[in-house]
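Notes to accompany the following structure.
The values are calculated or read from the model by the stated rules, or taken from the named source; none is laboratory data. Since we're looking at a predicted model, the values are computed, not measured. A quick note on method: Cβ atoms are made from the backbone with ideal geometry, for glycine too, and the neighbour counts reach across all protein chains shown. With ligands, DNA and RNA removed, areas are computed over all heavy atoms of the protein, side chains included. Shrake-Rupley method; radii C 1.70, N 1.55, O 1.52, S 1.80 Å.
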Amino acid sequence: MQSSSDLTFITNENNQSLLDRFKVLIKDAKYFDCLVGYFYTSGFYALYKSLNETEKIRILIGIGTSSETYNLIK
């Protein structure tokens with residue numbers, strides 16, 4: 001069994017989800033640059049509180065997004 005302090009793998013067990021891992025990794029980031037194929041506001045909403053202290057956020061998205069996201073960015 002993997003210990004909760006072992007961050008080698010993201011297993012979606014308690015405190016081992018991709019979202020939990022991202023929140024830990026980005027909470028002290030000065031800059032956040034991200035390249036994603038698909039981007040939805042629901043995913044960003046799940047992370048945004050961890051980016052409160054971030055000076056600059058840049059997200060480059062592929063062609064996969066919702067019309068709601070496109071309109072918000074536009």
Of those in the range 7-35 that are under 29 Å from S67 (Cβ atoms) and surrounded by 14 or more Cβ atoms within 10 Å (Cβ to Cβ), the residue modelled with the highest pLDDT is F32
Looking across the range 36-62 at residues that are out of contact with any strand residue (DSSP E or B) (no Cβ under 8 Å at 6 or more places or on another chain) and not in a helix (DSSP H, G or I), the single one that is least open to solvent (accessible area, probe 1.4 Å) is N52
